[in-house]
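Notes follow the structure.
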Amino acid sequence: MKQISAVDIRAVVEELQDLVGARIDKIYHNPPDEIRIRLRKPGEKFDLILESGKRIHLTKFPKEAPRFPSSFAMLLRKHLEGGRIKAIKQHDFDRVVFIHVEREEEKILVGEFFKKGNVILCNSDFKIIMPLKPFFKIGEVYKLPKPQLSPFDVKAEDFKGFRNETEVVRFLATRLSIGGQYAEEICFRAGIEKKKKVSELQEDEIKALMEAIKSIFGPVERGEFKPHILLKKGDYVDVLPVELKIYEDFKKKYFDSFNEALDDFYSKKIIEKAEIEEKENKRLKKIKKRLEDQLNAKERFEREMGLYKRTGDFIYENYTKIEEIIESFRRAREEKSWDEIKKIVKENESLSKLVKRIDPAKSLVVIQLNGFQIDLFLDKSIPQIADLYYGKAKKIRQKYEGVLKAIEKTKEEIEKASDEVKFVKSIKVSRKREWYERFRWFFTSEGFLVIAGRNAKMNEEIVSKYMEKGDLFFHTQVPGAPVTVLKRGVEAGDESKLEAAQFAATYSSLWKDGKYSGEVYYVTPEQVKRSAKPGEYLPKGSFYIEGKRNYVTASVSCAVGVDLKNLRVFGGPLNAVKKYCDYFVELEIGNESPNEISVKMASKLVSIAKEEEKRLIRAIATPDEVMKFLPPGKSRIKEWED
């Protein structure tokens with residue numbers, strides 16, 4: 001994965017100045033090296049990533065927080081949570097960033113982004129409180145890297161004062177701390193052979209190099225960035241804050257900020273890595289384990305089947321010899337006890353090699369002859385003994401044919417499971433959630449908010465806290481329906497009222513009972529009574545209605561889609577979902593459980609998205625998010641193609 005450069009850090013830190021004054025809400029540590037700081041300003045929340053040795057930027061795609069915080073995370077929380085960002089600075093032109101946090105006492109969080117970097121908590125005097133990696137001792141003073149020559153302050157004399165056999169490109173990359181990429185760009189713009197020795201540079205060549213440095217880093221110094229990602233055959237190659245001429249032939253994806261570009265670049269790489277590491281989901285692993293067991297059984301059946309058949313054939317091929325052996329044991333049995341026979345076999349070397357076991361209860365003598373172990377039953381004929389082995393081979397063949405069919409079926413399951421979209425649970429979309437997203441909700445085609453309860457407690461909460469004068473209360477005639485409120489419903493048109501009625505019907509018992517429509521009524525808030533009539537009882541979450549009801553015959557209607565503008569899943573009646581969602585899938589009453597259908601819908605939403613939006617869709621429309629909008633009971637995707 002790309003390691004952030006000093007130029008990148010210059011651009012990032014410039015943009016991060018907007019965070020000055022933000023308060024630290026929470027700090028997370030995703031081992032081994034990633035620290036995430038949750039920040040907030042009035043009306044805004046941010047997630048800042050510091051991954052030691054690699055990157056620093058804001059993210060909209062934070063990883064899920066570990067279930068148990070590490071000791072380092074706990075220490076950072078103890079010292080920094082509740083504090084305000086006082087300053088964010090790059091140290092000289094180095095890959096080191098200082099985040100100054102003001103609480104009771106000022107603390108400094110140091111981020112090192114060079115190879116084998118670190119994240120270190122220090123006090124205001126740079127005395128180390130705790131490092132993420134044990135490269136420093138607690139209590140010692142953090143030693144600042146020595147100042148480096150930078151492209152912003154380099155002079156022509158620096159070339160002249162460095163007359164040796166070093167190549168120009170190496171001199172630029174190391175002495176100016178810009179890396180090989182920008183060093184090659186300088187040489188390209190100056191028209192200088194990059195492997196030329198510094199000692200061989202002429203005055204006009206030094207002048208050309210200085211002009212090239214100014215043309216590249218002047219915009220960086222002024223904060224005039226053009227953030228973009230380099231693309232090659234659709235793959236992300238690199239992310240840069242300014243355009244370089246050496247990449248003129250590459251396709252580019254531009255962003256409003258360099259933080260956004262870095263976030264897009266790294267989150268895609270993280271997801272790709274996670275998908276490689278976790279490309280086989282649990283179901284697929286389980287199916288593959290079953291296939292492995294079946295293939296092992298197939299091999300075992302083949303071995304056993306072949307052995308039994310060959311043993312039967314061997315008995316007939318050695319009919320006379322085996323008959324002599326069995327006759328000798330029959331004669332011995334007429335004259336001697338089994339104990340005496342066992343003793344004779346044990347004491348006779350040739351017999352002990354031939355006879356492997358004697359079972360008096362079954363009149364059985366087991367012999368080993370020319371590599372074949374044969375069960376000789378003294379009460380059976382040679383053909384009968386051979387038939388026992390042919391019979392065993394036949395039974396094994398039946399099992400063998402059964403496992404062959406099972407293997408083919410399992411292979412089909414593996415192929416189907418392999419085609420399913422893999423959802424990376426470690427990545428999610430970070431966004432501000434609105435108050436109404438606790439409930440069932442959607443916006444009508446006319447732009448009116450509709451909310452509904454998920455349970456009896458929410459029903460009560462909506463009526464007591466969120467239903468206001470001017471709203472409309474919707475409910476089905478059948479029991480088991482959510483309280484549904486159309487906000488500012490008296491202002492809404494017939495289309496919004498119908499969609500609110502459909503919403504109430506869809507999430508009622510109608511869908512679960514397989515009914516495609518039902519009666520829904522609506523009334524004003526004044527008609528909804530929370531207290532029971534004298535002598536009557538109202539269960540929790542129930543209400544009774546006074547006065548005239550307005551009835552609507554509403555069909556059930558449910559679609560679930562992705563609203564990319566607001567980075568969220570949106571579900572409700574089809575017409576409303578069509579208006580607000582970039583991609584959507586329609587549902588109908590069916591035979592698949594919510595767990596099954598949520599995975600299929602999430603997969604479908606990714607499959608129908610544009611290639612460049614698939615990753616974002618995958619992060620937004622997880623099965624868990626889709627599940628929140630599914631009706632009760634079983635469903636199926638309308639016109640779903642497996």
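What follows is calculated from the coordinates using simple rules that are stated; it is not laboratory data. Worth saying up front: this structure is predicted, and the values here are computed from it rather than measured. Counting neighbours? That spans all protein chains shown, and the Cβs are built from the backbone with ideal geometry, glycine included.
Remind me, what semi-axes does the range 463-621 give for its equivalent ellipsoid, largest first in whole Å, using sqrt of 5 times each Cα gyration tensor eigenvalue? Could you put the intermediate results ahead of the total?
On the way: eigenvalues 221, 61, 38 Å².
Its equivalent ellipsoid spans semi-axes of 33, 17, 14 Å.
Under Stokes-Einstein, with the Kirkwood radius over Cα pairs standing in for Rh, what whole-number D in µm²/s applies to the range 316-409 at 25 °C and 0.890 mPa s? Please report the intermediate quantities before stating the final value.
Working: Rh = 15.0 Å.
Roughly 163 µm²/s, to the nearest whole number.
What three numbers, in Å, describe the spread of the alpha carbons of the range 131-269 along their principal axes, ordered from the longest?
Sorted largest first, the three principal extents are 50, 45, 27 Å.
Just from its helices, what would the mean residue ellipticity at 222 nm be for the chain, if runs of 4 or more DSSP H residues each count -39500 (n - 2.57) and the sum is divided by every residue, rounded to the nearest 500 deg cm²/dmol?
-12500 deg cm²/dmol
I need two numbers for the range 311-371: Rg to one decimal and Dmax as a whole number, Cα atoms only, in Å.
Cα-based Rg and Dmax for the range 311-371 come out at 11.8, 32 Å.
What percentages make up the Cα-Cα pair-distance distribution of the range 557-642 when the bins are 10 Å wide from 0?
Whole-percent P(r) values from 0 Å outward: 20, 58, 21, 1.
Which trypsin sites (Lys or Arg not before Pro) does the range 66-167 hold that lie in a coil by DSSP with at most 16 other beta carbons within 10 Å?
Passing both the DSSP loop test and the Cβ count: R67, R103, K115, K116, K137, K143, K155, R163.
Please give, to one decimal in nm, the separation of the simple spin-label points placed at K89 and V478, each 7 Å out from Cα toward the Cβ.
Reported label-point gap for K89 and V478 is 6.8 nm.
To the nearest 0.05, what FRET efficiency results for V490 and N164 with a Förster distance of 51 Å applied to their C-beta separation? The partial results should precede the final answer.
Numbers: r = 84 Å, r/R0 = 1.65.
With a Förster radius of 51 Å, E is 0.05.
Output the Kirkwood hydrodynamic radius of the range 431-553, Cα pairs only, in Å rounded to one decimal.
Over the range 431-553, the inverse of the mean reciprocal pair distance is 14.6 Å.
Can you pull out the chymotrypsin sites (Phe, Trp or Tyr not before Pro) in the range 432-537 whose DSSP state is coil and whose Cβ has at most 12 other Cβ atoms within 10 Å? Before the final figure, lay out each step's value.
Details: sites: W435, Y436, F439, W441, F442, F443, F448, Y466, F473, F474, F503, Y507, W511, Y516, Y521, Y522, Y537; in loops: F439, F448, Y507, Y516, Y537.
Those that pass, being in a loop and sparsely packed, are Y516, Y537.
Modelling each spin label as a point 7 Å along the Cα-to-Cβ direction, I'd like the E203/K638 distance in nm, to one decimal.
The answer from the label model is 8.0 nm.
When the expected Rg is taken as 2.2 N^0.38 Å, what fraction or multiple of it is the alpha-carbon Rg of the chain?
1.49
Over the range 274-403, what relative contact order in percent results from Cα pairs under 8 Å that are six or more residues apart? Let's see the in-between values first.
On the way: 100 pairs, mean separation 43.3, N = 130.
Value for the range 274-403: 33 percent.
Provide the gained length on full extension for the span K137 to E415, in nm with one decimal, where the gain is 0.36 nm per separating residue minus the Cα-Cα distance.
94.7 nm
Over 32 Å between Cα atoms, which of K405/K600; K309/K411; K233/K634; K45/K457; K321/K394; K116/K195 qualify?
Values: K405/K600 27 Å; K309/K411 30 Å; K233/K634 42 Å; K45/K457 29 Å; K321/K394 26 Å; K116/K195 29 Å.
The answer is K233/K634.
Over all Cα pairs of the range 6-131, how is the pair count split among 10 Å bins, expressed in % and running from 0 up to the last occupied bin?
14, 49, 34, 3
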